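What follows is a short report on a single structure.
Values quoted throughout were computed directly from the atomic coordinates according to the rules given, and no laboratory measurement underlies them. Nothing here was measured: the structure is a model prediction, and the numbers come from that model. Cβ sites come from the backbone with ideal geometry, for glycine too, and all protein chains shown count toward neighbours.
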Amino acid sequence: MLWNRNLAVFAAFNGAMAVAVGAFGAHGAGPQIKSLLTTGASYQLAHALFGLICSALPVGGRIAAVAGWLAAAGGLIFCLALALLGLLSLPALGAVAPIGGVLMIAGWVTLAFAALRSQSVNA
């Protein structure tokens, strides 16, 4: 199986970070930021998995890899924005989180485009 190794490594580190942020949110954070950290971590973890899957997709090729990068980067930006918003109380970071959200949505739409462009296999 051929992997997009760079995307797989990025997605794997994203997943590790998501678990760390989620654990801190569950066990070490105050009640005021717990929700921000757990929300960010759950989106980041889901989109790290998305990126990892896209790194190994045999169909869709380069377009699937772009989808994976968009989703994984979006998850990272979203999670970091929420974490820093909660931890540093910087309201301006609330405007950064939607950038991550748009990238995650773009990843899903790009993956749909890759699926439409690939040849169908009928079972």
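With Cα atoms as the point set, the radius of gyration and Dmax of the chain evaluate to 15.6, 53 Å. Computed per residue of the chain from DSSP H runs no shorter than four, each worth -39500 (n - 2.57), the mean residue ellipticity at 222 nm is -28000 deg cm²/dmol. For the chain, what relative contact order do you get, as a whole percent, if you take Cα pairs closer than 8 Å and at least 6 residues apart? Result for the chain is 27 percent. Of the peptides 15-23, 89-97, 65-73, the ranking by mean beta-carbon count within 10 Å, highest at the top, reads 65-73, 15-23, 89-97.
Other residues lying with their Cβ under 14 Å from the Cβ of Leu111 contribute a combined charge of +2, Lys and Arg counting +1, Asp and Glu -1. Ranked by the mean number of other Cβ atoms within 10 Å of their residues, highest first, the peptides 32-43, 106-117 come out as 32-43, 106-117.
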